[in-house]
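Nothing in this text is a laboratory measurement; each read-out follows from the coordinates by a stated rule. Please read all numbers here as calculations on a predicted model, not as lab measurements. Cβ placement follows ideal geometry from the backbone for every residue including glycine, while neighbour counts extend to all protein chains displayed.
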Amino acid sequence: MRQCKRFAVLLMVISSFFMTGCDASKILDVIQKVAEGVQKAIPAIKEVIDTVSNTVNSTNTDTATDNTATATATRTETDANNASVTVTNPTDDEEVGTSATTSTSTATNTSTSTATNTDTSAAEAALANYRGGRLSPSEFARLFGPVAREASRKSGVPASIILAQAALETGWGSSTIGDAKNLFGIKGTGPAGSVRVPTEEVVNGRRVTENANFRKYNSWQESIEDHGRLLQNSRYARAMAVKNDPDQFARELQRAGYATDPEYASKLISIMKSNNLYQYNN
């Protein structure tokens, strides 16, 4: 910086010489001194230029670094936000998979329901073709079992009880009170009227025969459904309270006076056990 000042002073001196009319030799001497001063000033000038240049470059570098860091931070935050959105929202494949699972479940339920309805309809059709007459215990169970199971779902009466009572009251189908299609020996007037026939009862410990009116039905199915409604009567509430225990259910039926035979419950239990009718319970 000191050399620059000297150079400026020399220029001012030269100018003054020209203005005052000094001779050429003196002017040349001054010019020579100015040249020497310029030569000495050049390194200082170069140093100044380098210093300024370095300062400018450093400032630009710091600014660029700050900008780069800011841009990087901004991109990182944006990427993080985008990642959150990707995790939160399900992909199309996931949504399709859910729909496919639901559709499969619906199809399975529909298929099962259809198969059950088909089996029940087939059993009811087979029963409708039955004209009465004695059957073997296995034939009786195969014919009436599916319908008894379906009736049990509606009434709550154990299917094994339905089958055992029908077997005991009809002698495995040998006697259904004429053409009354009465499977359970229910007295009174039914949907198709009544049939009066002699029946054996136990009165005061003695077996006696008397005539009584028994309900008449249009079909075996109708007889089974009426039996379920009968046991909904409050008279048989204690039996219905133990519907998950068929043996106890039989005992409560006897206590409620369903039949006058004192061995009624034990006979039902024996039939259920010897023919494995429990398998038809829901």
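A few points about this structure:
- Long-range HN-HN contacts of ALA212 with modeled amide H, under 5 Å: VAL197, THR199
- Electrostatic bookkeeping for PRO137 treats Lys and Arg as +1 and Asp and Glu as -1; over the other residues with beta carbon under 14 Å from its beta carbon, the sum is +3.
- Full-extension gain in nm, GLU200 to ALA237, via 0.36 nm per residue minus C-alpha separation: 10.7 nm
- Full extension of the chain segment joining LYS154 with GLU124 gains 9.3 nm, where the gain is 0.36 nm per residue of separation less the Cα-Cα distance.
- LYS273 paired with ARG229, simple spin-label distance in nm, labels 7 Å along Cα-to-beta-carbon: 3.5
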